[in-house]
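Structure first, commentary second.
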Amino acid sequence: MINLHTHRRPGIVGALALMLAASPALAEQTGFPYTDENCGVTTTYEAAPERAVTLSNNATELMLALGLEDRMAGTSYMANLKISPAYADAYAEVPIISPLVATTEELIEAEADFVYAGYPDGFSESRHTRDQLHDLGMKTRLNTEGCNLGPFGFAELFAEIDSVASIFGVADRGEALVDELSTRLDAVAQDLEGVEPISVFIYNGGDTTPNAVLGHTLLSRAVEAAGGENIFADVANRYGQVSWEQIAEREPEYIVVFYSGTASGQIVEDPDTELGQARIDTLKATPAIAEVPAVLNERFILIDSVKGQPGPSTLDAVEAMARAFHPDAFAE
């Protein structure tokens, strides 16, 4: 049974958020030096970065949600996905360096002094490691879901927001953002109080062998917050392959179809159709799961990586999934 959980921090910071919006320079001068401990990398900031570049959509949205567009030299890896409407105006003020992950050369050309990746693809031997960027004078951060070996939930997302806000000297903005997201999370929990969770498969593509979103992801916790139970939440990993037979045995009542904006490293023209809807078509055409309740009743919801990767728009995913899983709880 879904119970109401309180995620909100003590104190209401709305008035403080308005003050910060009116006087951003005041907040940006506080809290230095700041030492950031991140995925085994220790970095000390004597001042806030001035030319940040993001390497993923969730990193981009997190910075925009903190009002840091004036500190951004560019964004990358949105492909053909859409920025969330809440951040569209701010996003329009920041150069788009590349629809894919920005290359080392593009980071140098942008004169980046801080590079932020929302998931591990941003830093790799095939692109650029964090050490290589450090040698070029760029500080780096990786969203901690990408290096986390255990479960990753909303507490960890809120800690990520705190860390990025502190790097830029706007800790109060981070507190305000966490309070806003916590309030929304609590509101969903209140709407769902007393309802029975439904079983959910989070499908991440694959036809011969299906790929699943497993238990150590924020998306799995988002499904839980939306009144669902990830049928592979017991698998202690982030992503992995399962079998159609396992899915049939666990009989999900709903399927979350998760997708990004690229396939095999190439930009997809229309991700919602070419990846999202195409994955629904694959599920419906797979005989091994034809009798699964979610397939029989055509209960699918599309969640792209803008909402499904750990960032402020994860709350959009929670709200959308909650309404899909439990429409009666939200009936007018």
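Numbers below:
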quantity	calculated
Two-site label geometry, Thr30 and Glu269: point separation in nm, points 7 Å out along Cα→Cβ	5.1 nm
Folded to 0 to 90 degrees: helix 314-325 orientation relative to the chain principal axis, Cα	20 degrees
Whole-Hz couplings from phi, Karplus 6.51/-1.76/1.60, listed for the stretch 213-230; x for Gly and Pro	8, 9, x, 9, 10, 5, 4, 5, 5, 5, 4, 4, 5, 8, x, x, 10, 4
The stretch 203-212 - phi-based ³J(HN,Hα) in whole Hz, Karplus 6.51/-1.76/1.60, Gly and Pro as x	9, 10, x, x, 10, 5, 10, x, 9, 10
Peptide ranges 301-307, 177-183, 46-52, 323-329 listed from the most packed, as the mean C-beta count within 10 angstrom indicates	301-307, 177-183, 46-52, 323-329
For the chain, built as a Gaussian network whose Cα springs stay under 10 Å, the top-fluctuating residue of Thr103, Thr208, Thr54	Thr208
Radius of gyration and Dmax over the Cα atoms of the stretch 178-257, both given in Å	13.7, 43
Computed over the stretch 194-329: relative contact order in percent, which uses C-alpha pairs under 8 Å that are six or more apart	27 percent
Sorted by Cβ density within 10 Å, fewest first, the residues Asp316, Asp270	Asp270, Asp316
Residue-wise HN-Hα coupling along the stretch 190-195, computed from phi with Karplus coefficients 6.51, -1.76, 1.60 (Hz; x: Gly, Pro)	5, 4, 8, 4, x, 7
Where Rh is the Kirkwood radius over Cα pairs, Rg/Rh for the chain	0.97
Cα pair distances of the stretch 194-329 binned at 5 Å [whole percent]	2, 11, 22, 26, 22, 13, 4, 1, 0
Candidates Tyr77, Tyr254, Tyr45, ranked by Gaussian network fluctuation over the chain, Cα under 10 Å, top entry	Tyr45
Interchain or long-range residues, amide H under 5 Å from Met72's placed H	Ala52
Ascending count of other beta-carbon atoms within 10 Å, so fewest first, for Thr60, Thr30	Thr30, Thr60
Most fluctuating residue given options Met138, Met63, Met321, as computed from a GNM of the chain linking Cα atoms under 10 Å	Met138
Shape call, the stretch 34-132: gyration tensor on alpha carbons, a/c limit 1.5	oblate
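FYI, it's all coordinate maths here, none of it is from the lab. The structure presented is a predicted model; accordingly, all values stated were derived computationally and were not measured. In this analysis, Cβ positions are derived from the backbone assuming ideal geometry, glycine residues included, and neighbour counts consider all displayed protein chains.
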